[in-house]
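Colleague: First, the structure itself, so that you have it in front of you.
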Amino acid sequence: MKIAFKLNGRSKTVDVPPATLVCDLLRENLGLTGTHVGCDTSQCGACVVLLDGEAVKSCTLIAPALEGKVLTTIEGLAKGDKLHPMQEAFHLNHGLQCGFCTPGMVMTAIDFASHNPAPSEEETRAALEGNICRCTGYQNIVKSVMAGAAAMAAEETAAA
Amino acid sequence: MGAINGVGAAPLRKEDLRFLTGRGNYVADIKRPNMAFGVFLRSPHAHARLNGIDAKAALAAPGALAVLTGEDVAADGLGSLPCGWGIVGKDGQPMKEPPFPLMAQGKVRFVGDIVAFVIADTLDEARAAAELVEVDYEPLPAVVGVLDAIAPGAPQLFDEAPGNLCCDWALGDEAATEAAFAKAAHVAKLSLTNNRLIGNPMEPRAALAEYNPGTGHYTLHSTSQFPHVVRWLMSALVLKIPEQKVRVVAPDVGGGFGVKQFLYGEEAIITWAARKVGVPVKWVAERQEGFVSDRHGRDHVTEAELALDETGKFLGFRVHTLANMGGYLSTFGPNIPTNLYAPLLSGVYTTPAIYCNVKVVFTNTVPVDAYRGAGRPEATFLVERIVDVAAAEMGIDCVELRRRNMIPASAFPYQTPVLVEYDSGDPVACLDKAQENADVAGFAARKAASAANGKLRGLGYSTYVEACGLAPSRMAGRLGARGGLYESATVRVHPTGQITVLIGTHNHGQGHETTFAQIVSERLGVPFDSVDVVYGDTDRVQFGMGTYGSRSLVVGGSALNKASDKVIVKGKKIAAHLLEAGERDIEFEAGVFSVAGTDRRKTFAEIAGAAYVPHDYPLEVLEPGLEEQAYYDPVNFTYPGGAHICEVEIDPDTGVVKIERYTGVDDVGTVINPMIVEGQLHGGVVQGIGQALCEAAVYDVETGQLVSGSLMDYCMPRADTSPRMDVSTHSTPCAHTPLGVKGCGEVGTIGSPAAVMNAVVDALAHLGVTHVDMPATPNRIWRVIQNATLPRAAE
């Protein structure tokens, strides 16, 4: 079936079977392999994308759910060479090691930070509960998300 | 010109940008024209006779290209998966080494054993075709635990391994240990299990193989920690194809933790299959498939006794361990519970006599091999637990008991009674610093505050040492390694003076692109930004043993240091020629070659340019070019160690254990990049906490099914269950590596389980609890508390 949506700022129409998972659509049909698949039970969060700004697991979302919506993936965050403040925060705080969980972490963090400009450590840890990282022990991810939230808030203030 | 970022600096990581922008290149991301997809059909039985496979219906399914089975493997004369270590039993007999076929031959021996490989045009078609393969299984009784496996009458996995015994192995002086026990004032005894774990790197294993009939070349992309070893073993011993016609690429790999350091059957099968079907073939493991096929870790059952004199001095340590090998011997399998375990049983203590017997046992479970720490967490957990047991029994404070037995800094190098000689270390200083950082002085007040809230607070210590930098080849050879464990590095200086490093280790999260560039930046005085690091491709990198056993910096970094030295030597020759001076008069410092005592100088970039495009080279004495290669073999293991202190609070109503404070002070030798080292320590500690508090691979004893076979059932540490940690380093440089480094990848996982469990036992000690097996899940802790506090109805 034909599905029209906005992908990383551009209009997109795809024609795929209605049971196509969004993670497969991105990875196999659209060549956007930054969204990862780390499990088969919706537990790991490596596949998280933003649907109308909300963090969702693309492994449990079917393509028709995209109709008329705005989909953002990890590839759509940076503006040219300028990283999104959350991406930059992960870089500055060594918030990633192998990089596999990173896209999902960053997307989850952006949704969280957009509602919590100054989150506590406890709130941040709770918000990341659906994303598993096996490398970092989470400490620097938590630090990154808190710093990224502050940077996003500062950018918004500057823009206002 | 960019900055020099050398040893001790913390430049941000070079590898971050691609991962942060979705431009990583993992195996599952790679596509090829006309690519087909493969699905492994795996045994649903733990133990069964394989009477036949009927693939007719599957082959007739839409899109099906091939169904390959053990019969095809046998018909093509393929070898079985080799074991890299051949250990010898205490009776002098070599271990029993039944073949590990690529696909089951006659019998399946664990749930997940490969029975067939089904290839079709699309993944969905391959899955559908696999459903149509009819396998005639004749189920046999299965055995999953080591105690059951060695019991008389247990189901037997292999005719050639009676009693399911692979090897009855021992280390240490049994008679001296007996004598020590004979004069003991106290003997502490402890029985424990070390829970079976599943590594679960976030990227599932995957492979993509291609064959070019025009050139006879094979290319395998694989999620491997050691592509050169995969190429070597697979080409020479399994597929019997020319090694030079095989390229193995391990691109970005999403975590390894040991799980990806073996030659897996899947890698060889898919490479073989790509030639058979004539198109590239791709396979990506599902997570649940990983649970039943990624090699597992740990799984020991141990009885131990510690002999002490009346003052608490350790006199002797006697250990009997049953180690689960699973259904076959994996690449490093028998090495882990023997050579990487028993030599660490001295810990940081002066115990004069130690004897360790390990029975290595086959069971109907996934093969067990190295998982982060590999043998050393098991040793540390045992030593650090029994020290606490002894302290409690003798009424000596557990820290005081440790201090009475610790090897003082002045005693290094220290020869233990179990083979290894610690070259350097200062366990007392690590403990002092950790106690200070952990505010141990304030613990009593915090415990009282917890008690006022109805909670139980406990403090636990782990003062540990481990062995890294696999491996000193001579020593490894004596222990049964079937190959040396060198590492190689090439420093390729381009005409501009910019540099490509080609190194045989593999980076899958450790930040090698950054750390190795720092070494070169410092040694050659070139900007950090001018150094790129290449790894993971057998067509680009000369040779390498890969990354495991915290060896990359210790062995690979030392090779890189040595290659850098050679570049300087060659550069001096070129400088001597250009500056018309004697070679011995040339000095090199901070990227500048100069004639001693003069202002005549050439920069590194000028030398590089002159090396490649010379006009008047003295060719008879000097070759153009500036590229040097070095191989390095360490003379000893390195021995990182440290002190970890964990403070837990237990809710007696729910049994939930919460880590309130976690402090680690680790001696990893010289620190190259403190930011990266801290990250490695964080990750390692949380993996150890995972073992202590939630992770366990559980098999059903009747059916041999893996009960904890998904991320729904196998509990992984998450952000909201992991503590904030205070980790730091107290470094004594390694005495034998040129950079003084010891390795830091595994220390956290090795030191932490004992600290956590000692804290748990401390919190429950008032109830008479002396030991709790891992993992300390809420259910287990709640039961422990109930058992200790409820009045017994019958009494």
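The values are calculated or read from the model by the stated rules, or taken from the named source; none is laboratory data. Given the structure is predicted, the values throughout are model-derived calculations rather than measurements. Virtual Cβ from ideal backbone geometry, glycine too; neighbours counted across all protein chains shown. Just the protein is used for accessible areas: all its heavy atoms, side chains included, with ligands, DNA and RNA removed. Shrake-Rupley method; radii C 1.70, N 1.55, O 1.52, S 1.80 Å.
Colleague: Can you tell me which residue is nearest to the other protein chains (Cβ to nearest Cβ) among those in segment A:121-148 that are small (Gly, Ala, Ser) and without any contact (Cβ under 8 Å) to a residue 60 or more places away in the chain?
Modeller: Taking the candidates together, the pick is A:GLY137.
Colleague: Shifting gears a bit: Does segment B:547-558 include one or more residues that are surrounded by fewer than 24 Cβ atoms within 10 Å (Cβ to Cβ) and at pLDDT 95 or above?
Modeller: No; the residues of segment B:547-558 include none that is surrounded by fewer than 24 Cβ atoms within 10 Å (Cβ to Cβ) and at pLDDT 95 or above.
Colleague: Would you check which residues across segment B:725-758 are surrounded by 24 or more Cβ atoms within 10 Å (Cβ to Cβ), touching a Lys or Arg at 6+ places or on another chain (Cβ under 8 Å) and away from every other protein chain (no Cβ under 14 Å) and list them?
Modeller: B:CYS734, B:GLY743, B:ILE750, B:ALA754, B:MET757, B:ASN758
Residues checked against (1) open to solvent by 30 Å² or more (accessible area, probe 1.4 Å); (2) within 14 Å of chain A (Cβ to nearest Cβ); (3) on the phi > 0 side of the Ramachandran plot:
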| site | (1), (2), (3) |
| --- | --- |
| B:ALA10 | yes, yes, no |
| B:LEU41 | yes, no, no |
| B:PRO44 | yes, no, no |
| B:ALA48 | no, no, no |
| B:LYS56 | yes, no, no |
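Colleague: Please tell me if A:ALA89 is buried (at least 19 other Cβ atoms within 10 Å of the Cβ), of a type outside the set (D, E, K, R), touching an Asp or Glu at 6+ places or on another chain (Cβ under 7 Å) and not in a loop (DSSP other than H, G, I, E, B).
Modeller: No; evaluated as a whole, the condition is false for this residue.
Colleague: May I ask you to list the residues in segment B:200-222 that are away from chain A (no Cβ under 14 Å) and open to solvent by less than 20 Å² (accessible area, probe 1.4 Å)?
Modeller: B:ALA207, B:ALA209, B:GLY216, B:TYR218, B:LEU220, B:SER222
Colleague: Further, regarding this structure: Evaluate the following for A:CYS59: is it at the interface with chain B (Cβ under 9 Å from one of its Cβ atoms) and crowded, with 18+ Cβ neighbours inside 10 Å?
Modeller: No; evaluated as a whole, the condition is false for this residue.
Colleague: List the number of the failed condition for B:PRO495; all other conditions in (1) closer than 24 Å to B:ASN25 by Cβ; (2) part of a loop (DSSP other than H, G, I, E, B) hold.
Modeller: All conditions pass for B:PRO495, except number (1).
Colleague: Can you pull out the residues in segment A:90-120 that are more than 7 Å from every other protein chain (Cβ to nearest Cβ) and over 21 Å from A:THR33 (Cα atoms)?
Modeller: Of everything in segment A:90-120, those that are more than 7 Å from every other protein chain (Cβ to nearest Cβ) and over 21 Å from A:THR33 (Cα atoms) turn out to be A:ASN93, A:PHE112, A:ALA113, A:SER114, A:HIS115, A:ASN116, A:PRO117, A:ALA118, A:PRO119, A:SER120.
Colleague: Would you say B:GLU620 is surrounded by fewer than 19 Cβ atoms within 10 Å (Cβ to Cβ), outside the structural domain of B:ILE750 (by TED's automatic domain parsing) and in a loop (DSSP other than H, G, I, E, B)?
Modeller: Criteria met by B:GLU620.
Colleague: Moving on. Quick check on my filter: what residues within segment B:646-705 are part of a loop (DSSP other than H, G, I, E, B), under 23 Å from the mean Cα position of the chain (by Cα), among the hydrophobic types (A, V, I, L, M, F, W, C) and more than 13 Å from every other protein chain (Cβ to nearest Cβ)?
Modeller: Matches in segment B:646-705: B:VAL668, B:VAL671, B:ILE672, B:ALA696, B:ALA697, B:VAL698.
Colleague: I'm trying to understand the selection: among the residues of segment B:104-125, which are surrounded by fewer than 21 Cβ atoms within 10 Å (Cβ to Cβ) and touching a helix residue (DSSP H, G or I) at 6+ places or on another chain (Cβ under 6 Å)?
Modeller: Matches in segment B:104-125: B:GLN105 only.
Colleague: Considering only residues that are aliphatic (A, V, I, L, M) and open to solvent by 40 Å² or more (accessible area, probe 1.4 Å), look in segment B:392-412 and name the one that is nearest to B:LEU767 (Cα to Cα). Before the answer, list the steps.
Modeller: Of segment B:392-412, the ones aliphatic (A, V, I, L, M) are B:392, B:394, B:396, B:399, B:401, B:406-407, B:409, B:411.
After this cut, where a residue has to be open to solvent by 40 Å² or more (accessible area, probe 1.4 Å) as well, the list is B:392, B:394, B:409.
Details: B:ALA392: 13, B:MET394: 17, B:ALA409: 38 Å.
Per the criteria, the residue is B:ALA392.
Colleague: Yes or no: segment B:357-374 includes at least one residue that is surrounded by 22 or more Cβ atoms within 10 Å (Cβ to Cβ) and assigned to a helix (DSSP H, G or I).
Modeller: Checked against the condition, which is being surrounded by 22 or more Cβ atoms within 10 Å (Cβ to Cβ) and assigned to a helix (DSSP H, G or I), segment B:357-374 yields no hits at all.
Colleague: Could you please find all residues in segment B:537-591 being assigned to a loop (DSSP other than H, G, I, E, B) and either of a type in the set (Ser, Thr, Tyr) or touching a Leu at 6+ places or on another chain (Cβ under 8 Å) (or both)? Steps first, answer last, please.
Modeller: Residues of segment B:537-591 assigned to a loop (DSSP other than H, G, I, E, B): B:538-551, B:579-582, B:590-591.
Within segment B:537-591, B:THR538, B:ARG540, B:VAL541, B:GLN542, B:MET545, B:THR547, B:TYR548, B:GLY549, B:SER550, B:ARG551, B:GLY591 qualify.
Colleague: Now, a different point. Answer yes or no: is there a residue in segment B:94-105 that is under 31 Å from the mean Cα position of the chain (by Cα), modelled with pLDDT of 95 or more and assigned to a helix (DSSP H, G or I).
Modeller: No, that holds for no residue.
Colleague: Moving to a separate point now. Residues to consider are B:GLY454, B:GLY509, B:GLY483; find the one that is in contact (Cβ under 8 Å) with a residue 40 or more places away in the chain, assigned to a loop (DSSP other than H, G, I, E, B) and within 14 Å of another protein chain (Cβ to nearest Cβ).
Modeller: Within the list B:GLY454, B:GLY509, B:GLY483, the selection yields B:GLY509.
Colleague: Step by step: first the residues of segment A:126-145, then only those that are under 25 Å from B:GLY511 (Cα atoms) and over 16 Å from the mean Cα position of the chain (by Cα), then the one that is most open to solvent (accessible area, probe 1.4 Å). Which residue is that?
Modeller: Residues of segment A:126-145 under 25 Å from B:GLY511 (Cα atoms): A:128, A:131-145.
If we keep only those that are over 16 Å from the mean Cα position of the chain (by Cα) as well, we get A:134-140, A:143.
Working: A:ARG134: 11, A:CYS135: 9, A:THR136: 3, A:GLY137: 2, A:TYR138: 1, A:GLN139: 29, A:ASN140: 7, A:LYS143: 104 Å².
For segment A:126-145, the residue satisfying everything is A:LYS143.
Colleague: How many residues does segment B:622-642 contain that are out of contact with any helix residue (DSSP H, G or I) (no Cβ under 7 Å at 6 or more places or on another chain) and touching a residue at least 12 places away in the same chain (Cβ under 8 Å)?
Modeller: Step one: of segment B:622-642, the residues out of contact with any helix residue (DSSP H, G or I) (no Cβ under 7 Å at 6 or more places or on another chain) are B:623, B:627, B:635-637, B:639.
The next check asks that each one be touching a residue at least 12 places away in the same chain (Cβ under 8 Å); those that pass are B:627, B:635-637, B:639.
Matching residues across segment B:622-642 total 5.
Colleague: With open to solvent by 20 Å² or more (accessible area, probe 1.4 Å) and at pLDDT 95 or above as the only criterion, which of B:ALA161, B:ALA128, B:ALA154 stands out?
Modeller: Working: B:ALA161 fails: open to solvent by 20 Å² or more (accessible area, probe 1.4 Å); B:ALA154 fails: open to solvent by 20 Å² or more (accessible area, probe 1.4 Å).
Criteria check complete, one pass: B:ALA128.
Colleague: Of all residues in segment B:706-724, how many are crowded, with 19+ Cβ neighbours inside 10 Å and within 14 Å of another protein chain (Cβ to nearest Cβ)?
Modeller: Matching residues across segment B:706-724 total 10.
Colleague: Filter segment B:588-603 for residues that are surrounded by 15 or more Cβ atoms within 10 Å (Cβ to Cβ) and either under 12 Å from B:ALA576 (Cβ atoms) or in contact with a helix residue (DSSP H, G or I) (Cβ under 6 Å, 6 or more places away or on another chain) (or both) and give the result.
Modeller: Answer for segment B:588-603, where residues must be surrounded by 15 or more Cβ atoms within 10 Å (Cβ to Cβ) and either under 12 Å from B:ALA576 (Cβ atoms) or in contact with a helix residue (DSSP H, G or I) (Cβ under 6 Å, 6 or more places away or on another chain) (or both): B:PHE588, B:GLY591, B:PHE593, B:SER594, B:VAL595, B:ARG600, B:LYS602.
Colleague: Check B:ASN194 against each of (1) outside the structural domain of B:VAL73 (by TED's automatic domain parsing); (2) over 30 Å from B:VAL383 (Cα atoms) and name the one condition it does not meet.
Modeller: Status for B:ASN194: all satisfied but (2).
Colleague: Open to solvent by less than 10 Å² (accessible area, probe 1.4 Å), modelled with pLDDT of 95 or more and small (Gly, Ala, Ser): does that describe B:ALA323?
Modeller: When the stated conditions are applied, B:ALA323 passes them.
Colleague: Report, by residue number, each residue of segment A:40-50 that is surrounded by 24 or more Cβ atoms within 10 Å (Cβ to Cβ) and either facing chain B (nearest Cβ under 7 Å) or in a loop (DSSP other than H, G, I, E, B) (or both).
Modeller: Within segment A:40-50, A:CYS44, A:GLY45, A:ALA46, A:CYS47 qualify.
Colleague: Pull up segment B:12-36, narrow it to residues that are open to solvent by less than 60 Å² (accessible area, probe 1.4 Å) and in contact with a strand residue (DSSP E or B) (Cβ under 7 Å, 6 or more places away or on another chain), then point me to the one that is nearest to the other protein chains (Cβ to nearest Cβ).
Modeller: This residue is B:GLY24.
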